[in-house]
Structure formats: structure tokens, C-alpha cells
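**Student:** Let me begin by handing over the structure; questions about it come next.
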């Protein structure tokens, strides 16, 4: 029975992510790129930095997607005032953990 809250949170995260992707075609924007250090500076949509569990998971999914498109050796540095991660910049391994949710 303890698994149901986790499942519910994960489903909500996926639904929030899907809704953001369908209603806001650009949930994140690359502001700058450091090709030498392989860091993309990204501003997340305001709904991805609201602080809710679902928003943090959706942000993780978005960051993971960006890194997969650039190459898994890249990192993403979030430039928003509030960052949905304890690490910044975020590497691929950490983006995968964020995308899984809590």
C-alpha cells in the first residue's frame, strides 16, 4: 500500500509534463551555450519552477531531453531565480534522477 502515493506522484508529474509540452511548446529556452565546457544555460518556463513535486519532475524530464539532444556529456545550468535541483549545473545522471521524481 505504500507504493500508491509514489505512483500517484509519478503519474501527476507525467501529466504535468505532458500538459506543459502540449500547451507551451517551449517549456525551456537555451539562453547561451559554452561549447568549450559543454554547458547549456537554460531558462525554464515559470510552471517548471513552481516548486511542486510534479513541476520538479517535469523540469527533470525537460532537462534530460535537452541533454540527450546535445549529448550526454553536456550539462545544463538553470538561470532561473529558483532552481528545481540541489545541483546546478545538472549533468545527465542527475537529470535522470530528477525525471524519475521523488
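The values are calculated or read from the model by the stated rules, or taken from the named source; none is laboratory data. Given the structure is predicted, the values throughout are model-derived calculations rather than measurements. Counting neighbours? That spans all protein chains shown, and the Cβs are built from the backbone with ideal geometry, glycine included.
**Student:** Which residues, taken from region 70-80, are touching a residue at least 24 places away in the same chain (Cβ under 8 Å) and either buried (at least 17 other Cβ atoms within 10 Å of the Cβ) or over 15 Å from residue 29 (Cβ atoms) (or both)?
**Tutor:** 70, 71, 73, 74, 75, 76, 78, listed by residue number.
**Student:** Being assigned to a loop (DSSP other than H, G, I, E, B) and modelled with pLDDT under 85 is the filter here; which residues of region 13-39 pass it?
**Tutor:** 24, 25, 26, 27 - these are the residues of region 13-39 that are assigned to a loop (DSSP other than H, G, I, E, B) and modelled with pLDDT under 85.
**Student:** Could you list, in sequence order, all residues of region 92-102 that are closer than 13 Å to residue 56 by Cα and assigned to a helix (DSSP H, G or I)? Can you show your working first?
**Tutor:** Residues of region 92-102 closer than 13 Å to residue 56 by Cα: 94-102.
Within region 92-102, 94, 95, 96, 97, 98, 99, 100 qualify.
**Student:** Could you please find all residues in region 65-91 being part of a helix (DSSP H, G or I) and closer than 22 Å to residue 54 by Cβ? Spell out how you get there, then give the answer.
**Tutor:** Here is the first cut: in region 65-91, the residues part of a helix (DSSP H, G or I) are 65-70.
Hits for region 65-91 are 65, 66, 67, 68.
**Student:** Hey, among the residues in region 27-51 that are out of contact with any helix residue (DSSP H, G or I) (no Cβ under 8 Å at 6 or more places or on another chain) and closer than 22 Å to residue 8 by Cα, which one's surrounded by the fewest Cβ atoms within 10 Å (Cβ to Cβ)?
**Tutor:** Initial filter on region 27-51 (out of contact with any helix residue (DSSP H, G or I) (no Cβ under 8 Å at 6 or more places or on another chain)): 29, 31-37, 39, 41, 43, 46, 50-51.
After this cut, where a residue has to be closer than 22 Å to residue 8 by Cα as well, the list is 50-51.
On the way: 50: 15, 51: 8.
Taking the candidates together, the pick is 51.
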